[in-house]
Amino acid sequence: MSPSAVSWGLLSALLVLSVRGDVPEEMSNIQSKAVQLVMENLHKKNNIRNGFRMTSVLQESEQELDDGLFVNLEIVLKQTKCLKEQWMDPECKPTRDGKSYNCVGCFKFDFGEQKARSRYIQCVPPSRAAQEKIINTRRENCNNVKKPVYRVGSVTFLRYRSPLVNEKP
């Protein structure tokens, strides 16, 4: 490989990395629904005065499982000058120096529906998002959302795997 090809490869890799944090041009309907659920959760559960808007998507994935669609995303929400009741108003723009949250949302949706069967949502300030404890908790809880769910009548059961099963002496 020639040195110019290597430099072009490095340049293109840096370009991809610099664009990664931007809001994607197109998200699937189910991913857009997941973003909406995360934002609704932040505005309903937190004692905040101002509304928040999504400023970037750090990670997104959609995976088809045997029993539904699994959506995992990590987004950054930034404070606006609008009240929290007006967070859906497109005129509400994020402020430069306002608070921000790093939010992770993991959802399992039924096929063909936009109703989440199970979910995990956590929003923390960016300074806490990089803590190893927070990262491990988020991964574990997202993996729990991904596990198969069995429904019997109106009761839902998560499959439980005993740690002793499949162990070799």
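Some notes on this structure:
- The residues packed around L77, meaning those with a beta-carbon under 12 Å from its beta-carbon, carry a net charge of +2 if Lys and Arg are +1 and Asp and Glu are -1.
- Solvent-accessible ranking of I75, I135, largest area first, probe 1.4 Å: I135, I75
- Extended-chain gain in nm, criterion 0.36 nm per residue less alpha-carbon gap, I30 and K133: 34.2 nm
- When the pairs K33/K115; K33/K81; K44/K84; K33/K99; K78/K108 are compared against a 18 Å limit on Cα-Cα distance, K33/K81; K33/K99; K78/K108 fall above it.
- Residues F111 and I48, FRET efficiency given R0 of 35 Å [Cβ-Cβ distance, rounded to 0.05]: 0.50
The values are calculated or read from the model by the stated rules, or taken from the named source; none is laboratory data. Keep in mind that this is a model prediction, so the values were computed, not measured. Ideal geometry is used to build each Cβ from the backbone, glycine not excepted, and the neighbour counts take in all protein chains shown. These area figures cover heavy atoms from the full protein model, side chains too; ligands, DNA and RNA do not enter into them. Shrake-Rupley method; radii C 1.70, N 1.55, O 1.52, S 1.80 Å.
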